[in-house]
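**Q** Have a look at this one before I ask anything.
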Amino acid sequence: MRAPLVNFRRFQITAPWPLVWTVTGLFLLLRSIVAVVRLAVFAVRHWRAWPLVVLVLLAIDGYRSHGWWPHLLVLLVAAAGGGVWWWKGRESFHRLVALRAVTMWRRLWVYRRQWHEVMSLCGLVKKYDGGEVVPRLLSVRCSYATDELVVRMPKGQNPEVYHKAARDLAYSFGTRHCRVFSGRRQAPPARTGRLAWLLRLVDRVRFRDRPRHVWLVFIRRDPLTRVVAPLPVPARPDFTALPLGVREDLAVYCLRLLATHVLIGGATRMGKGSVIWSLLRSLAADIRSGLVRVWAIDPKGGMELSIGRPLFARYVDDDWTRMADLLDDAVTRMRARQQALRGKVRVHTPTTDEPLIVVVIDEIAALLAFLPDSDIRQRITQALGLLLTQGAGLGVLVVAATQDPRKEVVSVRDFFPTRVALGLTERAHVDLLLGDGARDRGALADQIPTSAKGVAYVLLDGQPEPARVRFSYLPDDVIRDMAATFPAPPETIDTPTPVKPARSSGNGNGRHVYRPTPPKQAAPLLPPSLLNALDLNTTNGSDPR
């Protein structure tokens, strides 16, 4: 039987002493290295606190050497310098001083102080191995209206858990709105200059994908309670970023119109007109130059769009047949561009000769579900189906508004890639308009009050979570002045290559003849051959009677 390494009764060690001391020294050295590395990582993570630590040490040394007088003098000089800075450069003072002070205060007093309690009560703490795993608060950044928190989730969680607990988190931290984002909200900056390559490498590390990170945005004060004034008309509109309103973080909301169709859904008097007129205002400069042609349809008899009639190259509000003809002409223009661009490009580039055509329909449900004539309704449905499925890349876009987003009312709803959800009347309408699960991800469009007209939820590029915005409100006088300042040039009548309609009724010589649906009669109708003989004299090729 081998003797033990250490005999504790006699405290005798059978192993050689040099080996014992060598192992012990290596162990202590390893532990020291680990401690130094942890201290260095802690210092790097909290590098923002270095100036504060230096100031505290200097203050202690000054107090021991000279008393309170140096501190009072420094405070007076700092207050005077801060006042002059605030007076001359208020924006930079707020960004570099005021917001940093607010961030430090709210991180320590509002969030750190009650973090474990709120996470436990909201059900976000995981149990493991007899202990608790709490979500880790990584950083806090405050703006004028929001607090953005970066949180690292424990293993076994996903962002859906935070979406469900968003309202509990908001009220727990003393706010009314909490927005949850599963991806980084800021894109990497565009680097230029000699050191751009080095900065791009740094950004590649800073902005890398972090699946376990979730961003919580608390709305400290809601900027969307105020009416948004009309935004300036862009001199050269960017079709990928048209300014239409303000987001809840006070950033300007920009809509991507190029190669997409837009569906606007909202209850009556909830601001659908604000979205349409804000879009037209952002396109006004190109409308006047002829780069954009707006074809407007107002099935409500012109109650919404007729006030801006000079902006529209084509406008119909009183005739169902003319509305169907306008959409058929849009399909014809789209077909002609298909033949011209086939095999050359995949996305149309607007020019004055081939402008961007935007078909604006104020109430699309009136054309698809409530139009009394079935033949015209069929023509409109077929034309809209072709435009929505093929016209985005060819520069023939559709912007439509509706009060009811249900499939049986708006049958072509699924063909709109971009959607805007204003105040809705039912909870289920949110998912119907923005997609399944949109309400669980924070789109509470059914809870928008009637006083918040123009407030909507939209989907931003690259983010599955909807954003809350408020579109600018344009009074009638502003619309009239805009229409007078930026009128559309006269519409040039061209003869594009005609296309064969999907369904038509003709008189034998190639011309379309509209025949309304006959009313129900008690007596039997005439045979088709006799009816055609009465309606059309085919012997001499005359017009229908």
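**Q** Just checking, does segment 248-264 include any residue being at pLDDT 90 or above and more than 30 Å from His348 (Cβ to Cβ)?
**A** For segment 248-264, residues at pLDDT 90 or above and more than 30 Å from His348 (Cβ to Cβ): absent.
**Q** A follow-up question, please. Take Glu363 and decide whether it is farther than 18 Å from Val409 by Cβ and of a type outside the set (S, T, N, Q).
**A** On the way: farther than 18 Å from Val409 by Cβ: no; of a type outside the set (S, T, N, Q): yes.
No: the conditions fail for Glu363.
**Q** Something else: Answer with yes or no whether Phe415 is out of contact with any Gly (no Cβ under 6 Å at 6 or more places or on another chain) and under 24 Å from Phe471 (Cα atoms). Write out each step before concluding.
**A** Details: out of contact with any Gly (no Cβ under 6 Å at 6 or more places or on another chain): yes; under 24 Å from Phe471 (Cα atoms): yes.
Yes, satisfied.
**Q** Residues being among the small types (Gly, Ala, Ser) and surrounded by 11 or more Cβ atoms within 10 Å (Cβ to Cβ): count how many of those fall in segment 58-100. Write out each step before concluding.
**A** Step one: list which residues in segment 58-100 are among the small types (Gly, Ala, Ser), which gives 59, 62, 65, 67, 78-83, 89, 92, 98.
Still in the running and surrounded by 11 or more Cβ atoms within 10 Å (Cβ to Cβ): 59, 62, 82-83, 89, 92, 98.
Number satisfying all stated conditions: 7.
**Q** Given the condition under 20 Å from Gly391 (Cα atoms) and not charged (D, E, K, R), answer yes or no: does some residue in segment 218-238 qualify?
**A** Just the residues of segment 218-238 that are under 20 Å from Gly391 (Cα atoms), to begin with: 238.
Next, only the ones that are not charged (D, E, K, R) stay: none.
No, there is no match, as no residue in segment 218-238 is under 20 Å from Gly391 (Cα atoms) and not charged (D, E, K, R).
**Q** Are any residues in segment 263-312 of a type in the set (A, V, I, L, M), touching a strand residue (DSSP E or B) at 6+ places or on another chain (Cβ under 9 Å), over 13 Å from Val420 (Cβ atoms) and assigned to a loop (DSSP other than H, G, I, E, B), and if so, which ones?
**A** The answer is Leu283, Leu291, Leu305.
**Q** Oh, and also: Return the residues of segment 436-452 that are buried (at least 17 other Cβ atoms within 10 Å of the Cβ) and over 21 Å from Tyr473 (Cα atoms); say none if nothing qualifies. Lay out the reasoning, then the answer.
**A** Taking segment 436-452 first, the residues buried (at least 17 other Cβ atoms within 10 Å of the Cβ) are 438-439, 441-445, 448, 452.
Of everything in segment 436-452, those that are buried (at least 17 other Cβ atoms within 10 Å of the Cβ) and over 21 Å from Tyr473 (Cα atoms) turn out to be Ala438, Arg439, Arg441, Gly442, Ala443, Leu444.
**Q** Quick check on Val227: is it aliphatic (A, V, I, L, M) and open to solvent by 80 Å² or more (accessible area, probe 1.4 Å)?
**A** Working: aliphatic (A, V, I, L, M): yes; open to solvent by 80 Å² or more (accessible area, probe 1.4 Å): yes.
Taking the combined requirement at face value, the residue satisfies it.
**Q** Considering only segment 365-402, state which residues are farther than 28 Å from Glu354 by Cα and among the hydrophobic types (A, V, I, L, M, F, W, C). Explain how you work it out, then say what you get.
**A** Step one: filter segment 365-402 for residues farther than 28 Å from Glu354 by Cα, giving 365-366, 368-378, 402.
Listed by number, the residues that qualify are Ala365, Ala366, Leu368, Ala369, Phe370, Leu371, Ile376.
**Q** Out of everything in segment 378-404 that is free of Cβ contacts under 8 Å to residues at least 40 places away in the same chain and more than 23 Å from the chain's Cα centre (by Cα), what residue ends up being most open to solvent (accessible area, probe 1.4 Å)?
**A** Taking the candidates together, the pick is Thr381.
**Q** Please work out which one of (1) within 30 Å of the chain's Cα centre (by Cα); (2) farther than 24 Å from Ser282 by Cβ is the condition Glu363 fails and give its number.
**A** The single condition Glu363 does not satisfy is (2).
**Q** Taking only pairs six or more apart or across chains, which ones have beta-carbon atoms under 6 Å, a first residue in segment 435-463 that is free of Cβ contacts under 8 Å to residues at least 40 places away in the same chain, and a second residue that is charged (D, E, K, R) and not in a helix (DSSP H, G or I)?
**A** Asp446/Arg427; Tyr457/Arg468
**Q** Okay, next question. For segment 247-289, give me each residue that is buried (at least 24 other Cβ atoms within 10 Å of the Cβ), over 18 Å from the mean Cα position of the chain (by Cα) and among the β-branched types (Val, Ile, Thr).
**A** Scanning segment 247-289 gives a single hit, Ile287.
**Q** Follow-up question, since we're still on this one. Is it the case that some residue within segment 129-142 is more than 28 Å from Ser92 (Cα to Cα) and of a type in the set (Gly, Ala, Ser)?
**A** If we filter segment 129-142 for residues that are more than 28 Å from Ser92 (Cα to Cα), which is where we start, we get 129-136.
From the residues that got through so far, the ones that are of a type in the set (Gly, Ala, Ser) too are 130-131.
Yes.
**Q** Against the condition open to solvent by 20 Å² or more (accessible area, probe 1.4 Å) and of a type outside the set (Asp, Glu), how does Arg179 come out, does it pass? It would help to see each step written out before you state the result.
**A** Details: open to solvent by 20 Å² or more (accessible area, probe 1.4 Å): no; of a type outside the set (Asp, Glu): yes.
No; evaluated as a whole, the condition is false for this residue.
**Q** Sort through Leu198, Leu169, Leu244, Leu216 and tell me the only one that's part of a helix (DSSP H, G or I) and buried (at least 19 other Cβ atoms within 10 Å of the Cβ). If you could, list the steps in order and put the result at the bottom.
**A** Details: Leu198 fails: buried (at least 19 other Cβ atoms within 10 Å of the Cβ); Leu244 fails: part of a helix (DSSP H, G or I); Leu216 fails: part of a helix (DSSP H, G or I).
Just one listed residue meets the conditions, Leu169.
**Q** Return the total of residues in segment 354-377 being open to solvent by 80 Å² or more (accessible area, probe 1.4 Å) and at pLDDT 90 or above. Give the derivation first.
**A** Start the filter on segment 354-377 by keeping residues that are open to solvent by 80 Å² or more (accessible area, probe 1.4 Å), which leaves 370, 372.
Still in the running and at pLDDT 90 or above: none.
Of the residues in that region, 0 qualify.
**Q** List the number of the failed condition for Pro230; all other conditions in (1) more than 20 Å from Asp481 (Cβ to Cβ); (2) in contact with a Leu (Cβ under 8 Å, 6 or more places away or on another chain) hold.
**A** (1)
**Q** Take the conditions part of a loop (DSSP other than H, G, I, E, B), open to solvent by 20 Å² or more (accessible area, probe 1.4 Å), free of Cβ contacts under 8 Å to residues at least 60 places away in the same chain and touching a Leu at 6+ places or on another chain (Cβ under 7 Å) and apply them to Arg191. Does it pass?
**A** Numbers: part of a loop (DSSP other than H, G, I, E, B): yes; open to solvent by 20 Å² or more (accessible area, probe 1.4 Å): yes; free of Cβ contacts under 8 Å to residues at least 60 places away in the same chain: yes; touching a Leu at 6+ places or on another chain (Cβ under 7 Å): yes.
Yes; evaluated as a whole, the condition is true for this residue.
**Q** Could you tell me how many of the residues in segment 102-152 are hydroxyl-bearing (Ser, Thr, Tyr) and either in contact with a Lys or Arg (Cβ under 7 Å, 6 or more places away or on another chain) or open to solvent by 70 Å² or more (accessible area, probe 1.4 Å) (or both)? Give the derivation first.
**A** Applying the first criterion (hydroxyl-bearing (Ser, Thr, Tyr)) to segment 102-152 yields 103, 111, 120, 128, 139, 143-144, 146.
Of the ones still in play, those that are also either in contact with a Lys or Arg (Cβ under 7 Å, 6 or more places away or on another chain) or open to solvent by 70 Å² or more (accessible area, probe 1.4 Å) (or both) are 103, 128, 144, 146.
The total comes to 4.
**Q** Which one of these does Leu326 not meet: (1) within 30 Å of the chain's Cα centre (by Cα); (2) part of a helix (DSSP H, G or I)?
**A** (1)
**Q** A further question follows. Quickly run through segment 453-482 and pick out the residues that are among the acidic types (Asp, Glu) and surrounded by fewer than 17 Cβ atoms within 10 Å (Cβ to Cβ).
**A** Pass one, segment 453-482, residues among the acidic types (Asp, Glu): 461, 465, 476-477, 481.
Within segment 453-482, Asp461, Asp476, Asp477, Asp481 meet the criteria.
**Q** Next question, about the same structure. Looking at Leu231, is it within 18 Å of Arg152 (Cα to Cα) and modelled with pLDDT of 90 or more? Please lay out each step first, then the result.
**A** Numbers: within 18 Å of Arg152 (Cα to Cα): no; modelled with pLDDT of 90 or more: yes.
It is false that Leu231 is within 18 Å of Arg152 (Cα to Cα) and modelled with pLDDT of 90 or more.
**Q** For segment 143-166, enumerate the residues that are among the small types (Gly, Ala, Ser) and part of a helix (DSSP H, G or I). It would help to see each step written out before you state the result.
**A** Initial filter on segment 143-166 (among the small types (Gly, Ala, Ser)): 143, 145, 156, 165-166.
Ala166, the sole residue that qualifies.
The values are calculated or read from the model by the stated rules, or taken from the named source; none is laboratory data. Predicted, not measured: the structure shown is a model, and the values here were computed from it. Using ideal geometry, Cβ is built from the backbone for each residue, glycine included, and neighbour counts are taken over all protein chains shown. These accessible areas exclude ligands, DNA and RNA; they are computed on the full protein's heavy atoms, side chains included. Shrake-Rupley method; radii C 1.70, N 1.55, O 1.52, S 1.80 Å.
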